[in-house]
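The values are calculated or read from the model by the stated rules, or taken from the named source; none is laboratory data. Just so you know, these numbers come straight off a predicted model, no measurement behind them. Please note: Cβ atoms are built from the backbone with ideal geometry, for glycine as well, and neighbour counts cover all protein chains shown. We work out accessible area using only protein heavy atoms, side chains counted, and drop any ligands, DNA or RNA first. Shrake-Rupley method; radii C 1.70, N 1.55, O 1.52, S 1.80 Å.
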Amino acid sequence: ILLFASFLIGVCSTQAEDYFFRHIGMEQGLPQMSVADVYQDSEGYMWFATRQGAARYDGRDMEVFNPDASDFHSLLSPVVEQIEGDTLENIYIRSTGINRYNLRTNRMEVLCRQSVSAMTASADGLYLISESSLYAYNAHTDSVQKVCALPEVEGICILSCLHGILYIGTVEGKLYSLTYTHSLTLLYELGSQIACI
């Protein structure tokens, strides 16, 4: 046992030396220090959602995306709340609506101009909640379909897709699940706002 314990201590101390931290701030080009969300895409870029735009970092340079009045396809708002990505190299940026940035074409476009309270990426698109309804966006067909109406709640604060099941958290602390058959089930009533799933 003593030999095994000393082996574990040696392995743990060796592994701990392999990690290092580097701070990323405004000196590296981050537009603002308040970051609402972080996402790493399939090419290894880090995306940051800030109150002054979406930023993409390649480890050396920071590219910032903001609204541009002369470009109809630019970011809808500088206040970015969430960034997600699918397996088709699309990055979804939620602000006052949703923008889609494609990594292959390096092109930004507006996907949805209406208010979206939560979103989560799927393998080939996106699920989003708007006006008490759940919608599915299919990137293959570039189409949006209404999945179902949601129960009357104070507000949806989180949406997450795990193993094909959608989990919906509310400001009131209720956690719902939605299966393949679009059967909505109340799982828990936690009593306080759900921050993450």
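In Å², what does the accessible area per residue of the chain work out to with a 1.4 Å probe?
Working: 11620 Å² over 197 residues.
Per-residue value: 59 Å².
Calculate the FRET efficiency for S115 and H163 from the Cβ-Cβ distance with a Förster distance of 41 Å, rounded to the nearest 0.05.
Details: r = 29 Å, r/R0 = 0.70.
Step by step, r from the Cβ atoms, then E = 0.90.
Taking the Cα centre of the range 55-118 as origin and charging only Cβ (+1 Lys, Arg; -1 Asp, Glu), how large is the dipole, in debye to the nearest 20?
The dipole of the range 55-118 has a size of about 100 debye.
Between L187 and E27, what FRET efficiency follows from the Cβ-Cβ distance if R0 is 25 Å, with the result rounded to 0.05?
Working: r = 44 Å, r/R0 = 1.77.
About 0.05, to the nearest 0.05.
Would you work out which of W47, G169, Q82 lies farthest towards the positive end of the dipole of the chain? Charges go on Cβ: Lys and Arg +1, Asp and Glu -1.
G169
Using a basic spin-label model with each label point 7 Å from the Cα along Cα→Cβ, how many nm lie between V171 and V38?
Here the modelled spin labels are 2.8 nm apart.
Could you pull out the longest piece of the chain with no exposed loop GluC sites (Glu not before Pro) in it, calling a site exposed if DSSP puts it outside H, G, I, E, B and it has at most 16 other Cβ atoms within 10 Å? If you can, show how the numbers build up before the last one.
On the way: sites that count: E17, E43, E89, E131, E152, E154, E172.
Counting only loop sites that pass the neighbour cut-off, the longest clear stretch is 44-88.
So, with a 1.4 angstrom probe, what is the percent of accessible area on the chain that is carbon and sulfur? Mind dumping the intermediate values first?
Details: 6170 of 11620 Å².
Reported share for carbon and sulfur atoms: 53 percent.
With +1 on the Cβ of every Lys and Arg and -1 on the Cβ of every Asp and Glu, and nothing else charged, how large is the dipole of the range 91-197 about its Cα centre, in debye rounded to the nearest 20? Display every interim value, and only then the final one.
Working: 7 positive and 8 negative charges, 84 e Å.
Here the range 91-197 has a charge dipole of around 400 debye.
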